[in-house]
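Q: After the structure tokens below, expect a handful of questions from me.
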Amino acid sequence: PLEVAMASSVPFLHEPVDVLRQGLPSAKADAQGTHPVQAQLKQHAEKEASVKAAMLANTYGMAFPLKEEIEGRFLSGTQRLPSLPSSMLGAEALSGKLDEVNFDDRLAMSSSEPVQMPPAMHACMDSQIGALQGAPAREMP
């Protein structure tokens, strides 16, 4: 009973963390939930997408929203190499987000920010596929 209570309350690290590649671990960030407004925005976007899909299915037939969903998954899954930023231009154009101007767009235009060097591509790929996490430790003879 004590182990079950402890396992559900605080996440424990069972393997060493590579601080240089993955950053410092934070129990607060892992245990903290989302803000209520973020949850409402996500639910609203999902509801809006389902209403739009139902409207398109009624207007153009059932195949049209399915085709758009397949294209959206394909375009959102295609990315550049891990150390390079991906703009997701195709997915934004398909979803209609390209026509909206948000506060984040204005923040991204700032040229006064220092240019950061991207992390090493091989290290990013290793962390993405999990090659470094499960590496067996060498035993001393």
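The values are calculated or read from the model by the stated rules, or taken from the named source; none is laboratory data. Here the structure is a predicted model, which is why all the values come from computation and not from measurement. With ideal geometry, Cβ positions are generated from the backbone for all residues, glycine too; neighbour counts draw on all protein chains shown. Ligands, DNA and RNA are excluded from the accessible area calculation, which covers all protein heavy atoms including side chains. Shrake-Rupley method; radii C 1.70, N 1.55, O 1.52, S 1.80 Å.
Q: Considering only region 37-66, how many residues are in a helix (DSSP H, G or I) and either in contact with a Lys or Arg (Cβ under 6 Å, 6 or more places away or on another chain) or open to solvent by less than 100 Å² (accessible area, probe 1.4 Å) (or both)?
A: 16
Q: Output the number of residues of region 120-135 satisfying the condition of being at pLDDT below 70 and open to solvent by less than 90 Å² (accessible area, probe 1.4 Å).
A: Counting residues in region 120-135 that are at pLDDT below 70 and open to solvent by less than 90 Å² (accessible area, probe 1.4 Å) gives 3.
Q: Any residue in region 34-58 that is under 15 Å from Ser95 (Cα atoms) sitting within a Cβ distance under 6 Å of a residue that is surrounded by 11 or more Cβ atoms within 10 Å (Cβ to Cβ)? List the pairs, counting only those 6 or more apart or interchain.
A: Ala53/Pro65; Leu56/Phe64; Leu56/Pro65
Q: Just for region 88-116: of the residues that are among the small types (Gly, Ala, Ser) and surrounded by 10 or more Cβ atoms within 10 Å (Cβ to Cβ), which one is modelled with the lowest pLDDT? Spell out the reasoning first.
A: Step one: list which residues in region 88-116 are among the small types (Gly, Ala, Ser), which gives 90-91, 93, 95-96, 108, 110-112.
Now narrow it down to the ones that are surrounded by 10 or more Cβ atoms within 10 Å (Cβ to Cβ): 90-91, 93, 95.
Details: Gly90: 88, Ala91: 88, Ala93: 89, Ser95: 84.
Ranking the candidates gives Ser95 first.
Q: Among the residues of region 23-36 satisfying the criterion of being at pLDDT below 70 and not small (Gly, Ala, Ser), which is least open to solvent (accessible area, probe 1.4 Å)? Break it down stepwise before answering.
A: Narrowing region 23-36 to residues at pLDDT below 70: 25-32.
Adding the requirement that they be not small (Gly, Ala, Ser) leaves 25, 28, 30, 32.
On the way: Pro25: 73, Lys28: 145, Asp30: 112, Gln32: 120 Å².
Among those that are at pLDDT below 70 and not small (Gly, Ala, Ser), it is Pro25.
Q: Separate question: Every residue in region 68-80 that is open to solvent by less than 100 Å² (accessible area, probe 1.4 Å) and part of a helix (DSSP H, G or I), please.
A: Within region 68-80, Glu68, Glu69, Glu71, Gly72, Leu75, Ser76, Gly77 meet the criteria.
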